[in-house]
Every structure is written in C-alpha cells, then in structure tokens.
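Note sheet for the following structure.
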Amino acid sequence: MESKPTYEQAQLHLQIFEMRREARLRQARDWFFKNYFADNLDDGMRLAAPGTETGTSFMMVVSYWDQACAFLNHGLLHEDLFFETSGEFFGVWDRVRSIVPEGRERFANELFLAHLEKAANRYEKWIDTRSPGAIAAMRQFTKQMRGQMTKTA
C-alpha cells in the first residue's frame, strides 16, 4: 500500500509551488521553454552565457528545479504528489540532459544537476507505468516547438 503525503510534505510542496510564481522566476521559465534548445554545452553557452540575462534565466530555472528535486530525493516531498503535480521539472531535464555530462566535466562538478537527473530518471519510469507514451509525446511536442522557434528566429 502506498503512503499518503504528510501534512508537512504538502505544506512544503505548496511553498515550492508558490516560489514558482515569483515574477522573475516566471519570466525565466518562460524564456527557458521558448528559447533553450541546446544539443551540446557550446550551444548552451551561446544561448545562456554566464553573466548575461539569458544565463541568469537559465541558472534560475535549472537551480530552482534541482533544489526542488533535492527535497524530493531526500524524502522531504511525497514522490507521487510531486510527480502528479510538478511535471515541468522533467521538461527542464529533457532540455538540458545533453549538456550535463560535458558541463560536469568542464566545471569539474559531478553534482551539477544531479538531483534533477535522479528525479527525472525515476519520473520517466513512474509516468511510463501510468501513462505510456507520455514522454514520447512530450519529446515530439518539444521537437515541433524547436522547429517553429527556429523558423521564426
């Protein structure tokens, strides 16, 4: 039998959600999903170089979700509740997964987005048992969106 979220987990979950509504983070998330399409770290650095507005947006998004996933990975959040209501983190992971190995190597930081990766790997298995094909559909949508953004750029 699966456990139910505790009151404390639900409260933390709501606090994390409330943080997503902060204006600058909302702006960063909007930029990220409209613009961040990188196949490798060099592409990623061109799109979101450190010290630039887009670099700040990138770091706000990935560090927010890495931190939220750290709470999940350490058991402070209820996994089913988080996965049922916070799928955006997986979309972020899917956008950055191709740059992470090179980023970890270049910056000598094996922990770079490790919480996000760990949660995303579990989520992919979790959603596949509940809604087979959801990940493939999301990736197809992202591919179409990338094509549309490339045409307008």
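The values are calculated or read from the model by the stated rules, or taken from the named source; none is laboratory data. As the structure is a computational prediction, the values presented were derived from the model and not from experiment. Backbone-built Cβ (ideal geometry, glycine too); neighbour counts: all protein chains shown. Side chains included, ligands, DNA and RNA excluded: accessible areas come from the protein's heavy atoms. Shrake-Rupley method; radii C 1.70, N 1.55, O 1.52, S 1.80 Å.
If contacts are Cα pairs under 8 angstrom and at least 6 residues apart, what is the relative contact order of the chain in percent? Can you show the working numbers first?
Values: 116 pairs, mean separation 37.8, N = 153.
Dividing the mean separation by the residue count of the chain yields 25 percent.
Where Rh is the Kirkwood radius over the Cα pairs of the chain, the temperature 4 °C and the viscosity 1.567 mPa s, what D in µm²/s does Stokes-Einstein return? Please list the in-between numbers first.
Working: Rh = 16.4 Å.
Once the numbers are plugged in, D ends up at 79 µm²/s.
Please give the Cα centre distance for segment 80-98 versus segment 10-36, rounded to the nearest Å.
Each part's Cα centre sits 12 Å from the other's.
As a test question: what accessible area, to the nearest 10 Å², does T56 have when a 1.4 Å probe is rolled over all protein chains in place?
T56 exposes around 60 Å² with every protein chain in place.
Using 1/(1 + (r/R0)^6) with R0 = 22 angstrom and r between the beta carbons of T129 and E88, what's the FRET efficiency to the nearest 0.05?
0.65
Between R97 and H74, how many nm apart are label points set 7 Å from Cα along the C-beta direction?
Distance between the two pseudo-spin positions: 2.6 nm.
Across 5 Å bins from the origin, how do the percents of Cα pairs in segment 1-71 run, short distances first?
4, 15, 21, 21, 14, 10, 7, 6, 3, 0
Keeping every protein chain present and rolling a 1.4 Å probe, give me the accessible area per residue for segment 97-153 in Å². Display every interim value, and only then the final one.
Values: 3990 Å² over 57 residues.
It amounts to 70 Å² per residue over segment 97-153.
Take S3, S57, S98 and sort them by solvent-accessible surface of the protein heavy atoms, 1.4 Å probe, largest at the top.
S3, S98, S57
How much accessible area does R97 have with a 1.4 Å probe, in Å² rounded to the nearest 10?
Accessible area of R97: about 110 Å².
Carbon and sulfur atoms: what percent of the 1.4 Å accessible area of segment 33-153 do they account for?
Values: 3660 of 6600 Å².
Accessible surface attributable to carbon and sulfur in segment 33-153 totals 55 percent.
Could I have the simple spin-label model distance between D43 and K118, label points 7 Å from Cα toward Cβ, reported in nm to one decimal?
2.8 nm
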